[in-house]
Amino acid sequence: MRLALRVAGILCAIVCVGVWLAFGTNRGWTKTTHTRMEKDPVTEIEYPTVEKRFSPGVELLGVGLLISAMIASISFFVGSKQNRSTNYD
């Protein structure tokens with residue numbers, strides 16, 4: 001049980017970092033829109049356009065790593081498998 005909890009904590013941390021890297025490594029708060037500048041082909045004037053795009057921030061990465069640390073730390077409070085039969089002869 002202890003090993004399973006530690007492995008689950010490590011896998012959770014790897015998944016959290018992987019998802020954060022895959023969606024755009026935003027080092028600020030989580031964003032659901034992204035503004036980029038486009039140029040009008042006729043007038044050559046730049047204007048902002050807003051597109052919907054999810055970028056997870058460091059708070060989601062921190063929460064995910066905190067949860068994985070909590071899962072792994074539970075393993076220190078769970079007893080190991082031992083033969084707990086008592087012999088009162």
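The values are calculated or read from the model by the stated rules, or taken from the named source; none is laboratory data. From a predicted model like this one, the values you see are computed outputs, not experimental measurements. Counting neighbours? That spans all protein chains shown, and the Cβs are built from the backbone with ideal geometry, glycine included.
Tell me, which residue of segment 1-34 that is touching an Asp or Glu at 6+ places or on another chain (Cβ under 8 Å) and in a strand (DSSP E or B) is surrounded by the fewest Cβ atoms within 10 Å (Cβ to Cβ)? Selected residue: THR33.
Against the numbered list (1) under 30 Å from LEU3 (Cα atoms); (2) under 21 Å from the mean Cα position of the chain (by Cα), PHE77 comes up short only at (2). Looking across segment 3-54 at every residue that is of a type in the set (A, V, I, L, M) and over 26 Å from MET70 (Cβ atoms), the one that is nearest to the chain's Cα centre (by Cα) is identified as VAL50. When only residues in segment 44-89 that are polar (S, T, N, Q) and modelled with pLDDT under 90 count, which is farthest from GLY28 (Cα to Cα)? Ranking the candidates gives ASN87 first.
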